[in-house]
Structures are given as C-alpha cells and as structure tokens.
C-alpha cells in the first residue's frame, strides 16, 4: 500500500516507522525545515521504502495515496479536511479496529498506569487485548495501535489518549467506554483554560459510557454529558504500588473492568499482582536511602507525589524549551522547599531557564545543576539515610537512572 504521512512530530514519525516496518511505501512530509527527525534516525529504521520531504507537502502525492495518516495537531486543518473528504484517511481505509470493544483512558495524570491496569486485568481474565496509543505515554503511537489492531482478532482494545488529541482519537477509533483520570493544569498553551479543557472532555465522553473521578470538581461538572456515568474513588484492596494517587488509578480500572463484565473478585485478584509501569513512580531502597522516582511532568503530578512524604533532596528534569507552561512546577517546589534541589536536562537543557525562574521566585535553598546521569548517581552515593525524589520531565533519563539504582 502507498501511504502518506502528513506532519512529522512524534506521532508522525512513529506512524512512518510503523508503516515502514510493515513493508508499505511511505511518503512523509513536514513544512518545518528544522524538524527533529530523531525517531526516524534511530537504529533499525529501514528507509528503503521512504520518500521524505522536509519544508513542504506534495499535495499531488498525498491525494494519490491509498491511505493518508495525518498528525493529530493537523486534524482540524484544511489539509486533513480534504483527506477526509476524499475518503483516504487511514482509519477509514483500514477499519477492522472499529469493531473491537474499545476503552479509552485520558486525563492529565495516571493515564499510562490506568491503561496498563485495565489491560492487565482483561488479559489475566483470559481475553485477547491490544494496548497502545499516546506516544508521550511511552507507547508507539496511535497508528501503530491501529495497524496492530487490524492485523489480528482482539476482544478488547485499550487506548491511552493524550488530552491534546481528543478530537483526533474520537474520529480514528470507535470508543465504547472512556476513563478520565482527572483534569489538571497541563498543556494549557493548547487548551487555553481549565474551563475549556473541561468542555473538551465533556464533548469527548458524549455518547459513551464514562468512568470519572468523583474527587475531581471539574469532572463532576460534565457527568451529565455521557450516555452512562460511573464514578470511581480510592481502591480499598491490596495494591503493590507507591502513592495514594495509584489507589485512584486502580479504582478507575476496577470500575471500568466491572462495566466490561469482569467479576470484582477477579479484578481484585489480578490488581494485587500488578507491577509499576516502567518510568512511572516506584520506590527504591538504595545504599540506605529511600528513593522515589517517576515521570511527573506537570505540577499536579509532582504535587501528588511530594504530598505523600517529606523528601530531603528533590531531583527534577527540565522540559522542552517551548514548554513554558510547565515551569509552574517550580512554584510548588519553592513552596515545598527541599533541603537540596537538583536540576538536570530532562527533555531539553533548560536548566538555565529553570534557575532564572527560581531566582525570580526568590528561591534561596541549596540549588545545584547536574547535567549527566553518572554524576547524579555519584551524588546519590554521597547521601546516607535520606529521602530522595527523582522526577519532572525526561522519562527516558528517569528510567535510566532507575535502572542504575535498582
């Protein structure tokens, strides 16, 4: 099949890789001449079938394709509307996935863990389940999930849906049940306001069964928007995970799986064996220190972990240069005021920008910058009987640090 990929952000690059590894001829393009193509340049990505164009889109090639994948950020743009009108949008050309009972998990925090919990329970209960979605959650993107779901027979599909891609996923997938973990202050540069984000969620759950967090005042405003609304709270059974926030994730999974016909005794049995997802919050005992570590890339996620315990040392990864909306993490860090705060380059080296922000806040506690993982490990080795938190932005680096400490 000849397939075009329009837009080469993370999802577009992941779509290109997913199509190439299946032997499709792929024309991929992006109008941004400075786009970082690191996912396409990774080892093992064969480019023999790839026609790559940077700086423009060849409309003629795109419209002559058998199918077209358009990045979520371009879903409401004219080029995507024309692709939809021509009936060559990839999820219209291959559509077997729309017959699978589909669960979407979205929200600001807890999406990945909750998605994996639902997958774990359904799989252990004997069902064939396909899991994937949001590349930011550590998956391989929506197109990889779509292609995989069309290749085999599945009883259930579980999708992690990024809060910035609700309209895109609502079109691509035929969603039966939506779990919304929470509504928090992340990606406000996209949503505009918490009120607008809440309205977007209300639109997304319309016509579906919705499993919503009873502790979230914004979600309670949209309980009447779904066909059926179920509320979750805090899980009351044994769970082998750190943090009270994971009790909410587990209860979301419990309520969702019960609605899917799984007996509660079965759910409780399998959630007891669930282990933390790689890169998500875990507790590690290391050289006499208690280390809690995990991706907490927005202020709500960070606050949820730091409110659990008092940490002596907080080690924070920085966001990308354009993600100024995530700098408000530091407002809470100043209020928390650990004995030592260490910054490291998480997604980009914006450590200087973080220092400037903290200076403007009047931060006066011990503040250091450590730029490589070896030195972070060496610093931790100098500590004894301390409580240490490692988080912020930069999932791959946090995961690498974890692997060195376990």
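What follows is calculated from the coordinates using simple rules that are stated; it is not laboratory data. Note that the structure is predicted; figures quoted are calculated from it, not measured. So basically every Cβ, Gly included, is an ideal-geometry build from the backbone, and we count neighbours across all protein chains shown.
When peptides 24-33, 87-96 are ranked by their average number of other Cβ atoms within 10 Å per residue, the highest-first order is 24-33, 87-96. Using only the C-alpha atoms, the convex hull of the stretch 160-249 corresponds to 107 Å³ per residue. Using alpha carbon centroids, what distance separates the stretch 193-246 and the stretch 38-108, in Å? Measuring centre to centre over Cα atoms gives 30 Å. By the Stokes-Einstein formula, at 0.692 mPa s and 37 °C, the stretch 1-117 with its Kirkwood radius over alpha-carbon pairs has D equal to 215 µm²/s. The angle between the Cα long axis of helix 351-361 and the main principal axis of the chain comes to about 60°, on a 0 to 90 degree scale. If you look at the Cα atoms of the stretch 96-271, you get an Rg and a Dmax of 14.9, 43 Å. Counted residue by residue at 0.36 nm each, then reduced by the alpha carbon distance between them, the extension gain from residue 310 to residue 54 reaches 87.3 nm. Among beta bridges identified by DSSP and lying wholly in the chain, the antiparallel ones come to about 10 percent.
Projecting label points 7 angstrom from Cα along Cα→Cβ for residue 286 and residue 93 puts them 4.6 nm apart. Mind checking which of 85, 66, 43 has the largest fluctuation in a GNM of the chain, springs on alpha carbons under 10 Å? Looking only at 85, 66, 43, the biggest GNM fluctuation is shown by 43. The Rg/Rh ratio of the stretch 79-161, with both radii computed over alpha carbons and Rh defined as the Kirkwood radius, is 1.01. Rounded to the nearest 10 degrees, the inclination of helix 10-20 to the longest alpha-carbon principal axis of the chain is 50 degrees.
Here the spin labels are modelled as points 7 Å beyond Cα on the Cα-Cβ line, and at residue 385 and residue 193 they lie 5.2 nm apart. Note on residue 151 and residue 82: the model spin-label points, each 7 Å out from Cα along the C-beta direction, lie 3.2 nm apart.
Classify the stretch 333-406 as rounded, prolate or oblate from the Cα gyration tensor: take a ≥ b ≥ c as the square roots of its eigenvalues, call it rounded if a/c is under 1.5, otherwise prolate when a/b beats b/c and oblate if not.
oblate
Where the alpha-carbon atoms of the chain are placed on the principal axes, they occupy 62, 52, 39 Å, in descending order. Springs join every pair of Cα atoms under 10 Å in this Gaussian network model of the chain, and among 16, 364, 266 the largest mean-square fluctuation is at 364. Highest mobility in the GNM of the chain, judged by mean-square fluctuation with C-alpha springs under 10 Å and restricted to 189, 249, 143, is found for 189.
Size descriptors for the stretch 269-406: radius of gyration and Dmax over Cα atoms are 14.4, 50 Å.
Classification of the stretch 24-76 by its C-alpha gyration tensor yields an oblate form. The axis ratio a/c (a ≥ b ≥ c) is 1.5 or more, and b/c is at least a/b. Between residue 404 and residue 272, the C-beta separation translates, for a Förster distance of 22 Å, into a calculated FRET efficiency of about 0.15. The calculated 222 nm mean residue ellipticity attributable to helices in the chain amounts to -10000 deg cm²/dmol, summing -39500 (n - 2.57) over DSSP H runs of n ≥ 4 and dividing by all residues. In this calculation the C-beta distance from residue 63 to residue 214 is compared with R0 = 56 Å, giving a FRET efficiency of 0.70. From most to least packed by mean Cβ count within 10 Å, the peptides 340-346, 98-104 give 340-346, 98-104.
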